[in-house]
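Structure first, commentary second.
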């Protein structure tokens, strides 16, 4: 009876704990849509791992088990955002891209299969839709083959599931020495709000693949992820108007060449 009484008191105490309301809708959508480069891949491959901390869930875990912090490979504060690289939960090979189709082909297939949801527009129309000034790169060494924007057919469209591929953004496709480079850019709404609000905080953890931090010039955060067919460089850049633009560069070229092209974008801001 004494033990039952203590358990009842504990349950009653937890019921009386007031937990403030947390608006996580934007963060959840950010996690769902970011890095959905593949139409059919494991969930871990589509997101670099924006960690959400739930107070009540944490309290329950403390009652039943002790927590152990994972080793951290990289830890930095970038414009008020805590950024970490932690070891992946499974083997590295599980996160490498085993697809035999180049990204451009997968992208065109995805757009063709989702015409009722997405539409191609000009890059100017896409920039107006997403409310940001796109970054530009100009170098005769990289030949711009085509560029376009992708926006939802419905203005306030939201993805229906975590398996849906978010296609929105501005795309520029280059040719360089026989290679195809796809550059995609978007406004990062969550990081922009964090940058503009001195009281806001945000945590970003890359733990779903062998990510590597890359040093870049300017006010930019860069992460590199190798693949078996194509490599990926993700850049977060703080613009002069205090917005955060995400650049995603993918190609079957060396890391150094992806970084060189990315720096052409961020250095013209």
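Could you tell me whether the range 244-259 includes any residue that is touching a residue at least 24 places away in the same chain (Cβ under 8 Å), more than 19 Å from the chain's Cα centre (by Cα), within 27 Å of residue 180 (Cα to Cα) and surrounded by 18 or more Cβ atoms within 10 Å (Cβ to Cβ)? Yes, because at least one residue in the range 244-259 is touching a residue at least 24 places away in the same chain (Cβ under 8 Å), more than 19 Å from the chain's Cα centre (by Cα), within 27 Å of residue 180 (Cα to Cα) and surrounded by 18 or more Cβ atoms within 10 Å (Cβ to Cβ). Per the listing 171, 157, the residue uniquely surrounded by 12 or more Cβ atoms within 10 Å (Cβ to Cβ), touching a residue at least 24 places away in the same chain (Cβ under 8 Å) and assigned to a loop (DSSP other than H, G, I, E, B) is 157. Of the residues making up the range 189-198, those that are out of contact with any strand residue (DSSP E or B) (no Cβ under 7 Å at 6 or more places or on another chain) and either at pLDDT 90 or above or assigned to a helix (DSSP H, G or I) (or both) number 4. Determine which single condition residue 162 fails, assuming it passes every other condition in (1) in a strand (DSSP E or B); (2) under 17 Å from the mean Cα position of the chain (by Cα). With (1) in a strand (DSSP E or B); (2) under 17 Å from the mean Cα position of the chain (by Cα) applied to residue 162, the lone miss is (1).
The number of residues in the range 139-157 that are in contact with a strand residue (DSSP E or B) (Cβ under 9 Å, 6 or more places away or on another chain) and at pLDDT below 90 comes to 1.
Scanning the range 102-139 for residues that are closer than 24 Å to residue 175 by Cα, in a loop (DSSP other than H, G, I, E, B) and without any contact (Cβ under 8 Å) to a residue 40 or more places away in the chain returns a single hit, 122. Across the range 203-223, the qualifying residues are those that are farther than 11 Å from residue 85 by Cα and surrounded by 20 or more Cβ atoms within 10 Å (Cβ to Cβ), and the one among them that is farthest from the chain's Cα centre (by Cα) is 220. Cβ-Cβ contacts under 6 Å between residues 6 or more apart (or on different chains), taken from a first residue in the range 68-96 that is at positive phi and surrounded by 12 or more Cβ atoms within 10 Å (Cβ to Cβ) to a second residue that is modelled with pLDDT of 50 or more and not in a loop (DSSP other than H, G, I, E, B), are listed as 79/195; 79/238; 80/194.
Let's see how each residue does on (1) part of a helix (DSSP H, G or I); (2) at pLDDT below 95:
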position	(1), (2)
233	no, no
253	no, no
262	yes, no
268	no, yes
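The values are calculated or read from the model by the stated rules, or taken from the named source; none is laboratory data. The shown structure was predicted, so the numbers you read here are calculated from the model rather than taken from an experiment. We place every Cβ from the backbone using ideal geometry, glycine too, and count neighbours over all the protein chains shown.
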